[in-house]
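The values are calculated or read from the model by the stated rules, or taken from the named source; none is laboratory data. Predicted model, so just to flag it, every value in this text is computed and none were measured. Every residue, glycine among them, receives a Cβ derived from its backbone with ideal geometry; neighbour counts consider all protein chains shown. For the accessible areas, the whole protein counts, side chains as well, though only heavy atoms, and no ligand, DNA or RNA atoms are used. Shrake-Rupley method; radii C 1.70, N 1.55, O 1.52, S 1.80 Å.
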Amino acid sequence: MADNAEHDKYAEQRKMLAGELYTGADPYLRQLHKEAQEKSAKLALVRHEPEKYIEAMRDLLGSVGDDKAIIESPVYFDYGKNLHVGKEFYMNYNCTILDCARVDIGDNVLFGPSVQVYTAEHPVDPAERLTGLESARPIKIGNNVWVGGGAIILPGVTIGSGVTIGAGSVVTKDVPDNVVVVGNPARIVKHV
């Protein structure tokens, strides 16, 4: 009986990570969210203590490429553990990562202030939305990417390497390597 209870504890998390409909209000997911909030607060407290800072970051995130990563506070995560950042990652103030699915960020990526990365999706049908079910799709960001302040990256998007995303842009579709995108929805304005 204990095996079934333990198995059930992780059922909604497994659905979430598999991209299936899941219950966002699941008690275990709420506990993980609470832990991410606590770890984010700890990260802010030790910001200027290098050894404690990188340790706190590694405790919060799924993986960190090196000890040069910087995340300015305040910062908001759903879970933190589904975010994987490469070497020399920099995140400016007031960013939000809804990491209900995996978020992979490459090396030398810079986030301006208030960047938002959303893997979470809610049904567009009002009746289905009232059930409390939601889903999530992973996001991938390549190497050497600059995401301008206030940009929003939507579920399921892959951003290539060498990309610049203009401030305030809303990225709704995949972005190829070595381009500049701006606007809502973001569109290519330059190849670099």
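Here is how the numbers come out for the structure above:
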quantity	calculated
Close pairs (7 angstrom Cβ cut-off, 6 or more residues apart or separate chains): of a type in the set (S, T, N, Q) in segment 89-108, part of a strand (DSSP E or B) and surrounded by 20 or more Cβ atoms within 10 Å (Cβ to Cβ) anywhere	ASN92/PHE111
From the options VAL124, VAL117, VAL103, residue that is on the phi < 0 side of the Ramachandran plot and open to solvent by 10 Å² or more (accessible area, probe 1.4 Å)	VAL124
Members of segment 134-147 found to be under 24 Å from LYS87 (Cβ atoms) and crowded, with 20+ Cβ neighbours inside 10 Å, listed by number	ILE139, ILE141, GLY142, VAL145, VAL147
Residue pairs meeting the criteria (Cβ under 8 Å; at least 6 apart or on separate chains; first closer than 16 Å to ILE105 by Cα, in segment 158-182; second among the aromatic types (Phe, Trp, Tyr))	VAL163/TRP146; THR164/TRP146; ILE165/TRP146
Test: residue in segment 120-136 that is touching a residue at least 40 places away in the same chain (Cβ under 8 Å) and under 10 Å from the mean Cα position of the chain (by Cα)	yes
Helices (runs of 4 or more DSSP H) within segment 1-70 that include 2 or more residues of a type in the set (Gly, Ala, Ser), without any contact (Cβ under 8 Å) to a residue 60 or more places away in the chain and open to solvent by 40 Å² or more (accessible area, probe 1.4 Å)	2-9, 27-45
Test: residue in segment 161-179 that is hydrophobic (A, V, I, L, M, F, W, C), modelled with pLDDT of 95 or more, part of a loop (DSSP other than H, G, I, E, B) and surrounded by fewer than 20 Cβ atoms within 10 Å (Cβ to Cβ)	yes
Any hit, segment 20-35, residues being among the polar types (S, T, N, Q) and on the phi > 0 side of the Ramachandran plot	no
Test: ILE152 is of a type in the set (A, V, I, L, M) and open to solvent by 20 Å² or more (accessible area, probe 1.4 Å)	yes
